[in-house]
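I have placed the structure first, in the form of structure tokens, so that the comments after it can refer back to it.
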Amino acid sequence: MQDTKLFETILGLQAPWHIARVELKTDEKRVDLWLEHEPSRWPCPDCDTELPGFDHAEERAWRHLDTCQFQTHVHAAIPRVQCSTHGVKQVRVPWAEPRSRFTLLMERLVIDLILQCSTVKGACAIVGLSWDEAWGIMQRAVARGQARKEARPIAYLGVDEKAFRKGHRYHTVVCDLERSTVEFVAEERKTESLAGYYRQLTDVQQAAVQVVAMDMWEPYIGATHAGLPNGGEKIVFDRFHIMRDMTKAVDTVRKQEHREFLGAGGSPLTGTKYVWLFSDENRPEYHAKTFATLQALNLKVGRAWAIKEALRTLWTYRQLAAVKRFFTRWYGWAVRSRLEPVKRVAATLKRHLDGVLRFVKHPITNGIAEGLNSKIMSIKRKAGGFRNPSNFTTAIYFHCGGLDLYPR
Ligand SMILES: [Zn+2]
């Protein structure tokens with residue numbers, strides 16, 4: 001078999017295209033292939049009208065999959081046609097998408113590698129691409145996936161905010177709680193961040209939303225009231241966000257108490273931050289002794305922790321009357337605790353009680369929201385920080401968007 005035939009088979013080339021020349025540079029571990037075509041008619045890329053070749057664009061190159069560890073580059077001059085409607089246009093070629101510098105197979109491989117490595121850097125190291133080249137493939141993949149995406153109805157939405165960088169601004173992330181996909185990302189957490197998502201839904205999609213699970217965050221509440229039919233009745237302040245607020249309150253109590261102790265000479269709370277983050281049933285064994293010792297001291301943080309733990313019972317009720325009775329008792333305990341951070345969360349819960357108790361009507365599992373949350377956090381961690389907020393957005397869509405990313 002001639003070497004041109006071998007490469008035509010590898011590339012899956014068909015008439016009128018063929019390989020005219022192969023150049024092998026053994027010392028550089030590189031193969032260059034030049035593609036040419038027989039005289040042919042070509043469809044206009046915009047209207048598919050068959051036209052004769054008009055001229056050729058300048059020769060360009062595409063990076064292809066390595067051949068036996070030789071970097072492989074494909075070269076060709078793309079024919080142009082002159083369409084009476086669309087003017088002079090480059091025709092489509094079977095090995096690459098318009099404007100890409102990579103063959104279809106190469107793009108597919110890079111997409112798979114980034115998905116597997118979770119980082120662009122990892123993929124770059126394997127195939128020998130620059131960060132910008134791999135990032136370009138990723139952006140094109142997301143754009144392609146979004147263009148193909150259909151406007152399907154989503155019944156259960158979750159809205160969350162994610163810090164782009166520690167101490168930096170937040171992203172708003174809207175997810176589909178049944179399919180476990182990120183549907184929308186905005187680079188703020190304002191009313192407009194969520195309103196922008198609702199606005200681009202069709203009327204049918206807006207009406208299909210039954211639940212929006214979210215934090216007790218006024219801008220999101222406002223956006224949902226205004227952006228969905230009967231929006232106010234669809235809001236559920238879910239357990240994931242409420243317990244996160246309570247855990248933060250416990251941590252604030254710990255910090256304050258720790259400072260008071262330090263002012264008086266020494267603190268039993270030094271190095272105990274993580275001890276207070278666990279519930280009884282999932283506290284690691286190595287924290288057990290410290291926790292028992294601390295609880296015996298009757299500390300403020302111990303009380304805060306107990307109030308937080310008690311609140312978890314709320315989501316075990318199935319009857320509205322029973323859950324209301326429970327909340328009234330819990331609320332009384334929390335507001336008499338003389339622990340300001342705890343009282344603040346309790347007051348917020350009471351102010352938003354309808355939305356808190358709506359879980360009885362719309363039980364939603366928090367597993368998906370938590371799973372997506374940790375996936376996004378791990379993307380961020382592995383990337384070691386993104387250069388800018390929109391790169392973070394692209395990475396979230398790429399890894400969590402459930403998009404059809406591949407060229408075809
Ligand atoms: Zn045309």
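The values are calculated or read from the model by the stated rules, or taken from the named source; none is laboratory data. All values derive from a computational prediction rather than experimental measurement. In this analysis, Cβ positions are derived from the backbone assuming ideal geometry, glycine residues included, and neighbour counts consider all displayed protein chains. Surface accessibility is based on the protein's heavy atoms, side chains included, excluding ligands, DNA and RNA. Shrake-Rupley method; radii C 1.70, N 1.55, O 1.52, S 1.80 Å.
Worth pointing out:
- Verdict on residue 369 being more than 24 Å from residue 162 (Cβ to Cβ) and open to solvent by less than 40 Å² (accessible area, probe 1.4 Å): no
- Counting only strands (runs of 3 or more DSSP E) that sit completely within region 1-116, those holding 2 or more residues that are away from the ligand (no atom under 16 Å from the Cβ) and polar (S, T, N, Q) correspond to 70-76.
- Residues in region 255-275 that are within 21 Å of residue 287 (Cα to Cα) and among the charged types (D, E, K, R): 255, 257, 273.
- Exclusive hit being closer than 26 Å to residue 331 by Cα and assigned to a strand (DSSP E or B), set 213, 249: 213
- When region 255-271 is filtered for residues that are out of contact with any His (no Cβ under 8 Å at 6 or more places or on another chain) and more than 24 Å from residue 335 (Cβ to Cβ), the ones remaining, listed by number, are 261, 262, 263, 264, 265, 266, 268, 271.
- Residue among 234, 248 that alone is in contact (Cβ under 8 Å) with a residue 12 or more places away in the chain, open to solvent by 10 Å² or more (accessible area, probe 1.4 Å) and closer than 20 Å to residue 354 by Cβ: 234
- Of the residues making up region 43-79, those that are surrounded by fewer than 18 Cβ atoms within 10 Å (Cβ to Cβ) and among the charged types (D, E, K, R) are 46, 48, 50, 55, 58, 59, 60, 66.
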